[in-house]
Structures are given as C-alpha cells and as structure tokens.
Amino acid sequence: MIIQRVVLNSRPGKNGVPVAENFRLEQSTIADTVQAGQVRVKTLYLSVDPYMRCRMNEDTGSDYLQPWQLSEVADGGGVGVVEESKHDNLAEGDFVTSFTWPWQTVAILDGSLLQKLVPQLVNGRLSYFLGAAGITGLTALLGIREKGHVAVGANQTMVVSGAAGACGSLAGQIGRLEGCSRVVGIAGTDEKCSILVQEMGFDAAINYKKGNVAEQLRELCPGGVDVYFDNVGGDISDTVISQMNQNSHIILCGQISQYNKDVPYPPPLPPDIEKIQKERNITRERFLVLNYMDKHEASILQLCQWIQEGKLKVRETMVEGLANIGAAFQSMMSGGNIGKQIVSVSK
C-alpha cells in the first residue's frame, strides 16, 4: 500500500531555530496484510508540541525521549480510526490514540500500544484527545495538583507564562477551578492577552513585548505570586520568581525559550535568582507527567467533565494536510499560534 509520510530531513543544530525544511514529505509503502495483534489505522490528527524540538537533536538531553533519526519517519501524539484489526480488543471503526503515532497517512501498529477513545467524552471533538483531554491537559492538571499546592480558600495568586499556548491556556483555567483566587497570564501579543481575559477567565494578562513586565506584575499581583506555572524559562521566569512569596511553588512545565540552546534541563537559574529561590524556600522541582500514570484515567475524566460543562475553554490552531506539518512546527516554535497546534491529516 502506498502512503505519505514525513521524515526528519535535517537537524537545525543544537542552538539552531527549526524551520519547515527540516522535515520532508515523501511517498512510502506499508504491508498489504495485517498480522496477529496488529491494526491498520488511518491517521486523522497529529499533535505538534514544543518538546519535539529536543527530538530534532542527536541527543535529546533526556532519558525518556528518543531522538528522531534522519530520513526516518517522525512520530508523536496522534489520533486515528481503525480500518482493519487483528487485535482482540479493537474493531474496525474504533477511534484510537498513541503518544508514538507515526507522521504518515496510514500505518500498521501494534494494537496493544493503542488506547481506545470515546468520542462522546469530548462532544465528538477527537482532536481534543491530543490537547485538553490528552497529555497536554494532563500536564496542566497534574502539574497543578502535584507541584502547585493549590488550596481552596487560601487566596493564592497564580501566574502563567506562555499563557496562550496549549498547556498555559489550560493551566490558568485549571488553577482557577482548583482554587486560585487570582490568575494572571503572560503572552506575546495583545490578541492573545485579550483572549486569555475575555474568553478563558484570566483576571489579567501581560504582553511581555510591551512595557515593563516587572512593573506590570507588581501592579497586577500586589500580594506577590504564590504559584508560578512556568512554560518558558529565561528572563520572563527570572522576573516572576523575583516577585514570588515565601514558601511558594514553581510548576516547571517547559522552558521553550531555552529549547534552541544547548543547556541542561531544567536550565540553571542566574545566581541572584537562585539566591531568591533558596531564601524564600520556593520549590522548583522537575515535573514529568509520565510519572503519574496511575492518575491519568481519573484526570482525563475530570478534564472531559469540565469540557462538557463548559468550564474549560479549548483553543486549537488547526493546520490542514500532512504536507504542512513542518510549517506548523515552525509556527508553533515561534509562538505564532494560540492554544494547541493540531495537524488535520484526513477528513
């Protein structure tokens, strides 16, 4: 069977900025027959995420992420539909997902590595299983519950950097639902800031490209910062940490400003900021959502319930066609999208 797939065409280099040309669309073939335990799936949606920048390097710098190989098919979160099955628990027409879905139009996969989906849980929006009702939503929810120490009635202020991105846009809303009394986002355009406040219920949002971020933070968080959901690292995070309260908490979700730099993860803080962290007893622990597998099922159901009730607003940037996945990746890494970046492969 002839298929289309996307392979890693070139590496941007440890400190390089990825471009669409780092990926290549090509024709390939897969077997015409499905073996015992396997299923043939048609790809519907693929997820494009910041962590994938690490996989473009020969060494990801992580013990749980494998690098993509040159001229080999890339992979990540995906959703598809079963076209043929020789797996006991999956049937033709079932919708399934995997965290290691190949970037190709049709694939033959081990059925035991696929998770069956219930479309009704997300009102039929299957792409949500790659975002708000998937690993992205899990990262936001479990990050807040496991590392944020949010308590109802504690009058806590949360700040979210990268707040208009896939995880940040959910984290601010979940922080509110979990009990934060004030939520402030940091984003890169006035449009994004407006969406955060008017659509997603943030109390305020700061455009870090305009004005003095430190001054705006002091004005919008007069009682200091109790919980910081950190998606970006770098100067923005240093500014937030300098205004955090005693015994406050950093949820170390991502460091997108550092992904094009050859630095360890999590990146070390500047000496003056590290001194503040230690003096104020601010927690800053590495967070990996895969360490909480036992809580995934219940957490997904909670996220789906909030979506059905309209309590969790979901934004997606949808790109049509497998051929455009490289451009989607470049746009996502440059901060050009709002919410989750999804590539629609098949209708």
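The values are calculated or read from the model by the stated rules, or taken from the named source; none is laboratory data. Small disclaimer: the values here were computed from a predicted structure and weren't measured. Here the Cβ is made from the backbone with ideal geometry for all residues, glycine too, and neighbour counts use every protein chain on show. Areas reflect the complete protein model, heavy atoms only, side chains present, ligands, DNA and RNA absent. Shrake-Rupley method; radii C 1.70, N 1.55, O 1.52, S 1.80 Å.
General remarks:
- Measuring r between the beta carbons of GLU309 and SER62 and using R0 = 22 Å, the FRET efficiency lands at 0.05.
- Inter-centroid distance (Cα atoms) of segment 75-94 relative to segment 47-69, Å: 25
- Segment 17-94: relative contact order in percent, alpha carbon pairs under 8 Å with at least 6 residues between: 37
- Too-long pairs where the Cα-Cα distance tops 31 Å, listed order kept, from LYS116/LYS192; LYS210/LYS313; LYS42/LYS147: LYS116/LYS192; LYS42/LYS147
- Segment 135-290, relative contact order [Cα under 8 Å, separation at least 6], %: 23
- When the Cα convex hull of the chain is projected onto planes of every orientation, the mean area is 16.9 nm².
- Rounded, prolate or oblate (a/c below 1.5 giving rounded, otherwise prolate when a/b exceeds b/c) for segment 274-347 by Cα gyration tensor: oblate
- Shape parameters for segment 135-290, alpha-carbon atoms, Rg then Dmax in Å: 14.0, 42
- In the elastic network of the chain, a GNM with C-alpha springs shorter than 10 Å, the most mobile of GLY93, GLY336, GLY168 is GLY93.
- Per-residue ³J(HN,Hα) for segment 267-279, Karplus 6.51 cos²θ - 1.76 cosθ + 1.60, θ = phi - 60°, Hz, x for Gly and Pro: x, x, 7, x, x, 5, 6, 4, 5, 4, 4, 6, 5
- Length released on extending from GLU21 to GLN35, taking residue separation times 0.36 nm less the Cα-Cα span: 1.5 nm
- Other-chain or far-sequence residues with amide H under 5 Å of ILE3's (modelled H): SER28, THR29, ILE30
- Taking the DSSP beta bridges with both ends in segment 109-221, the antiparallel portion is around 0 percent.
- Of all DSSP beta bridges in the chain, antiparallel share, percent nearest 5: 55
- Within the accessible area of segment 135-290 (1.4 Å probe), percent carbon and sulfur: 48
- Relative contact order %, the chain, counting alpha carbon pairs below 8 Å whose residues are six or more apart: 19
- The overall shape of segment 76-152, judged from the alpha-carbon gyration tensor, is prolate: a/c is not under 1.5, and a/b is greater than b/c.
- Shown is the FRET efficiency for GLU84 and VAL118, computed with R0 = 30 Å from the Cβ-Cβ distance and rounded to the nearest 0.05: 0.90.
- Here is how the number arises for the chain: DSSP H runs of 4 or more residues each give -39500 (n - 2.57), the sum is divided by the residue count, and the result at 222 nm is -6500 deg cm²/dmol.
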